[in-house]
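The values are calculated or read from the model by the stated rules, or taken from the named source; none is laboratory data. From a predicted model like this one, the values you see are computed outputs, not experimental measurements. Cβ atoms come from the backbone with ideal geometry, glycine included; neighbour counts cover every protein chain shown.
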Amino acid sequence: MYDEGTFAEVSMMVTREDFMNAREGLLAKREALMARASEIRDEFSEHVDGDVVAMAAGLSLLSGGIAWGLTQVLRGRRGVMPLLAPIGLVAMGLVIASRGAMSRRGAHILAAEDRVRSELAGLDPLARVQVLKDMASEQLSFVRHAEN
């Protein structure tokens, strides 16, 4: 009825149930890996400042554009078209780096403002007025010098 070769082929065949079990196992492993990837991404974002990454990316584009532009000039390609892409990279790098720097500066200003407000809140009203008056006179001293 069955020869030996046919029987071996049938016994080697994977049943639909085996296939579904293997598929479910692989899907479970995939979900576990995706969950771990989310954990790693969250942990990374907690420890890395996005402004620093933006500044680094901008400075990388900037330096790449400068290097490419210098290469073009040294090769003797001084027309507008050969320098258009390097100039674009330099411009993009400047924009991205400056946005990162300004965002970081804004965060520092807000933190300093919070510290100053908390220190001022601990003073009595007369001392607070005296401190604010002294700070304003120090900060606006250049106006008095300009009037003289």
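Cβ separations smaller than 7 Å between residues 6+ apart or across chains give the following pairs from the range 44-61 residues that are in contact (Cβ under 8 Å) with a residue 40 or more places away in the chain to residues that are polar (S, T, N, Q): 51/103. State all residues of the range 14-66 that are among the hydroxyl-bearing types (Ser, Thr, Tyr) and under 30 Å from residue 87 (Cα atoms); if no residue qualifies, say none. Passing the criteria: 60, 63.
For the range 2-120, which fully contained helices (runs of 4 or more DSSP H) count at least 1 residues that are modelled with pLDDT of 90 or more, exposed (fewer than 12 other Cβ atoms within 10 Å of the Cβ) and among the polar types (S, T, N, Q)?
So the answer is 16-47.
Restricting the first member to the range 74-96 and to residues that are farther than 24 Å from residue 58 by Cβ and touching a residue at least 40 places away in the same chain (Cβ under 8 Å), and the second to residues that are surrounded by 10 or more Cβ atoms within 10 Å (Cβ to Cβ) and of a type in the set (Gly, Ala, Ser), no beta-carbon pair is closer than 8 Å while six or more apart or on different chains.
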